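The values are calculated or read from the model by the stated rules, or taken from the named source; none is laboratory data. Here the structure is a predicted model, which means the values were calculated and not measured. In this analysis, Cβ positions are derived from the backbone assuming ideal geometry, glycine residues included, and neighbour counts consider all displayed protein chains.
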Amino acid sequence: MRRKALVLVLLALALALGLYGCTQKAPGDSPPANTPTPTSPKVDVKLDGKLLFSKEKGIWSWSGGSSKRLTKDGSLQQPAWSPDGKKIAYVKMEGDYSDIWVMGSSANDPVNLTRFGRSGSNTWAFAPRWSPDGSQIAFLSDLNTYDLALWLMKPDGSGRRQVSFMNDYLGGIDGPTWHPKGDSITFLAYRTGKSQIWTMTLANGRWQQITDMGGGAYDPQWSLSGDALAFTGRGEGSKSDIWVMAMPDGAPQRVTTDGVSRSPVWSPDGKSVAYLSGQGGKFDLWVIAVEKAPEGTTLRLSAPKRVTQGLDPDPAGGLSWAR
């Protein structure tokens, strides 16, 4: 079991940090012509609502133009707001296992939902995501598998069940995101060799491939209305950029060209996409306005704008945005 656990941890780290090349700016890369100078100290973009991210093994929030650390103890990551913004699901890492926890919006009343540490089985849990109605939490685990599989449970940890089934030793799945209707979950999978984005209908377990990017795709995120999808796509080498698609019939549209961007998240009103860019060697929060064109198969995109200077969040921890 320890060999399995070690392999899974190394795989998770590769997926989150190294495999996609998002930790450093590649030599010779330049920011898009329509973006602010990365080293400029002037930041005047304001975002409505509140964002969650992980940093320095803790969970932080961004609201009203400033950041605040919510947690003090433990190694915590991958926070996600509940639909009403009153609770936060997150991952707590331990030496040879991890668990899904839920706490209040001010980091009060933490509750361990999976309790894998008590079983002594070196079981891992990652990427908690609330269903649109708040009645379920999707997460990833290797409880019955070698690779990470998709699971569902109620917000109190009951009713836990595995919902994705694929052969082991292929790479598993990562980055789940609920469709706004709550009837399907989208994620990356390695069914064709490279990571591509797939959607699985919960009622019948049917899979549908969404992307066919040459270098692979990951970090999928649905807009609130379900008419657009944002994701991270890989280009040549290890370069990663943000892409968006009008759904269901649109083609992928490239948002960034810096080669060091990932973790897109839609604003609660569906009019913007925030993401993390590593221009200059450290990650900061950027945002772009998105509007569906009249023909419905393309999206109108504004120039990317920098929101923070020196925030330096964990790019693997992702972003979560609530009102």
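Going through Leu202, Leu170 one at a time, which residue ends up being in contact (Cβ under 8 Å) with a residue 12 or more places away in the chain, in contact with a Phe, Trp or Tyr (Cβ under 6 Å, 6 or more places away or on another chain) and either within 28 Å of Gly49 (Cα to Cα) or of a type outside the set (Lys, Arg) (or both)? So that I can check it myself, show each step before the final result.
Values: Leu202 fails: in contact with a Phe, Trp or Tyr (Cβ under 6 Å, 6 or more places away or on another chain).
Result of the check over Leu202, Leu170: Leu170.
Mind checking whether some residue in segment 192-206 is over 25 Å from Asp241 (Cβ atoms), modelled with pLDDT of 95 or more and among the aromatic types (Phe, Trp, Tyr)?
no
Per-residue answers, yes or no, for (1) buried (at least 19 other Cβ atoms within 10 Å of the Cβ); (2) touching a Gly at 6+ places or on another chain (Cβ under 6 Å); (3) closer than 20 Å to Ser135 by Cβ:
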site	(1), (2), (3)
Gly171	yes, no, no
Pro180	no, yes, yes
Phe187	yes, yes, yes
Ser195	yes, yes, no
Trp198	yes, no, no
Thr201	no, no, yes
Gly215	no, yes, no
Tyr218	yes, yes, no
Gln221	yes, no, no
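Can you go through Met103, Met93 and tell me which one is more than 29 Å from Gln196 (Cα to Cα) and surrounded by 15 or more Cβ atoms within 10 Å (Cβ to Cβ)? Even if it seems obvious, please write down each step before you answer.
Details: Met93 fails: more than 29 Å from Gln196 (Cα to Cα).
Answer to the selection: Met103.
Do we find that Trp243 is among the aromatic types (Phe, Trp, Tyr), at pLDDT 95 or above and surrounded by fewer than 19 Cβ atoms within 10 Å (Cβ to Cβ) in this structure?
On the way: among the aromatic types (Phe, Trp, Tyr): yes; at pLDDT 95 or above: yes; surrounded by fewer than 19 Cβ atoms within 10 Å (Cβ to Cβ): no.
No; evaluated as a whole, the condition is false for this residue.
Within segment 289-305, identify whether any single residue is at negative phi, crowded, with 20+ Cβ neighbours inside 10 Å and in contact with a Phe, Trp or Tyr (Cβ under 6 Å, 6 or more places away or on another chain), and answer yes or no. Step through it out loud before you land on a result.
So the first thing to find is which residues in segment 289-305 are at negative phi, and the list is 289-295, 297-305.
Then keep just the ones that are crowded, with 20+ Cβ neighbours inside 10 Å; that gives 290, 299, 304.
Going one step further and asking which of them are in contact with a Phe, Trp or Tyr (Cβ under 6 Å, 6 or more places away or on another chain), we end up with 304.
Yes, there is a match, as at least one residue in segment 289-305 is at negative phi, crowded, with 20+ Cβ neighbours inside 10 Å and in contact with a Phe, Trp or Tyr (Cβ under 6 Å, 6 or more places away or on another chain).
What are the pairs with Cβ atoms under 6 angstrom where one residue, in segment 95-107, is under 16 Å from Ala322 (Cα atoms) and outside any strand (DSSP E or B) and the other, located anywhere, is at pLDDT 95 or above and among the basic types (Lys, Arg)? Sequence gap at least six, or different chains.
Ser105/Lys86
Can you find even one residue in segment 177-189 that is more than 17 Å from the chain's Cα centre (by Cα) and modelled with pLDDT under 95?
Quick first cut of segment 177-189, residues more than 17 Å from the chain's Cα centre (by Cα) only: 181-183.
From the residues that got through so far, the ones that are modelled with pLDDT under 95 too are none.
No; the residues of segment 177-189 include none that is more than 17 Å from the chain's Cα centre (by Cα) and modelled with pLDDT under 95.
Given (1) at pLDDT 95 or above; (2) buried (at least 19 other Cβ atoms within 10 Å of the Cβ), identify the lone condition not met by Arg234.
(1)
Among what's in segment 46-78 and is of a type in the set (Ser, Thr, Tyr) and either free of Cβ contacts under 8 Å to residues at least 12 places away in the same chain or part of a loop (DSSP other than H, G, I, E, B) (or both), pick the residue that is surrounded by the most Cβ atoms within 10 Å (Cβ to Cβ).
From segment 46-78, those of a type in the set (Ser, Thr, Tyr) are 54, 61, 63, 66-67, 71, 75; that's our starting set.
Then drop every residue that is not either free of Cβ contacts under 8 Å to residues at least 12 places away in the same chain or part of a loop (DSSP other than H, G, I, E, B) (or both), which leaves 61, 66, 71.
On the way: Ser61: 22, Ser66: 8, Thr71: 18.
Within segment 46-78, the match that is surrounded by the most Cβ atoms within 10 Å (Cβ to Cβ) is Ser61.
Residues Asp269, Asp258: which one is of a type in the set (Asp, Glu), over 14 Å from the mean Cα position of the chain (by Cα) and under 23 Å from Pro294 (Cα atoms)?
Values: Asp258 fails: under 23 Å from Pro294 (Cα atoms).
Going through Asp269, Asp258 in turn, just one is of a type in the set (Asp, Glu), over 14 Å from the mean Cα position of the chain (by Cα) and under 23 Å from Pro294 (Cα atoms): Asp269.
I need the full set of residues from segment 269-281 which are closer than 25 Å to Trp81 by Cβ and surrounded by 17 or more Cβ atoms within 10 Å (Cβ to Cβ), in order please. Show your work before the answer.
First, the residues of segment 269-281 that are closer than 25 Å to Trp81 by Cβ: 269-278.
Correct list: Gly270, Ser272, Val273, Ala274, Tyr275, Leu276, Ser277, Gly278.
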